1. For Cα pairs less than 8 Å apart in space and 6+ apart in sequence, what is the mean separation divided by the residue count of the range 1-61, i.e. the relative contact order in percent?
2. Efficiency by 1/(1 + (r/R0)^6): what FRET value for residue 180 and residue 2, r their Cβ-Cβ distance, R0 = 25 Å, to the nearest 0.05?
3. Quick one: divide the alpha-carbon radius of gyration of the chain by 2.2 N^0.38 Å and tell me what you get.
4. In nm, to one decimal, how far is the modelled label at residue 51 from the one at residue 135, with both set 7 Å along Cα→Cβ?
5. Would you mind calculating the gained length between residue 98 and residue 172 on full extension (0.36 nm times residue separation, minus the Cα-Cα distance), in nm to one decimal?
6. Helix 167-187 versus the longest principal axis of the chain: what is the Cα-based angle in degrees, 0 to 90, to the nearest 10?
7. Explain nothing, just the number: relative contact order of the chain, from Cα pairs under 8 Å at least 6 residues apart, as a whole percent.
8. Under 14 Å from the Cβ of residue 19, count the other residues' Cβ atoms, weight Lys and Arg +1, Asp and Glu -1, and hand me the total.
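Any read-out appearing in this document is the output of simple, stated calculations on the displayed coordinates, not a laboratory observation. None of the values given here were measured: they were computed from a predicted structure. Neighbour counts are summed over all protein chains in view; Cβ atoms, including those assigned to glycine, are modelled from backbone coordinates with ideal geometry.
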Amino acid sequence: MNPLRLGILGSGKGTNCRAILQAIRSGALDAEARVVIADMLDASILDIAREFSVPNSYLPPGHFRTRLEPAVEEELVQLLRDSEVELVVLAGFMRVLKAPMLKAFPRRILNIHPSLLPKFPGLEAWRQALAAGETMTGCTVHYVDEKIDHGDIIAQREVRILPDDTPETLHARIQVAERELYPAAISQFCGPRVV
């Protein structure tokens, strides 16, 4: 069985991308990162891709703030197909994917979100959890569908909210959990599959 071929999309620091690439390098994840694509020219995720010798690309997003222009999204689909990607992994990708990607990769796009979905979808979920007075939050790996932070849940990891937590301390602990959970969740797709 050949390694699972991943395409990783990101917009920022790339800490989850690094965790995935380290899991691949260590042999803990039977996968191969075929391409890393960012919608921000100065995104650190591109530097991480170069550090791990993974082909990488900047994709200009177009005029919209929260999604890609349709022609750009079609270009993204082609980039991923040209790289023979089997599974698309969103690692801090801050754009909502629409029909071109969802049709090209049905139930083959994963996202990680910093809450125990369905609670607290959207931005800064750790702040939402603190404001709601929760005692437990965490992170969720889920399939991407047409709604934001909504698709079927693949895996979750709980993170206790401490009495003296600030948004920053809570977010930092959630990020540690994310870096453990995401490679483990991706590994579920590394078994027998039809390509």
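1. Details: 104 pairs, mean separation 22.8, N = 61.
With pairs under 8 Å counted, the relative contact order is 37 percent.
2. Numbers: r = 25 Å, r/R0 = 1.02.
Between residue 180 and residue 2 the formula returns 0.45.
3. Working: Rg = 16.2 Å, N = 195, 2.2 N^0.38 = 16.3 Å.
Relative to the 2.2 N^0.38 Å estimate, the chain comes out at 0.99.
4. 3.8 nm
5. Working: separation 74, 0.36 × 74 = 26.64 nm, distance 2.99 nm.
Net length gain for the segment: 23.6 nm.
6. That works out to roughly 40 degrees.
7. 21 percent
8. Working: positive: 13, 18, 25, 157, 179; negative: 51, 178, 180.
Here the charged neighbours net out to +2.
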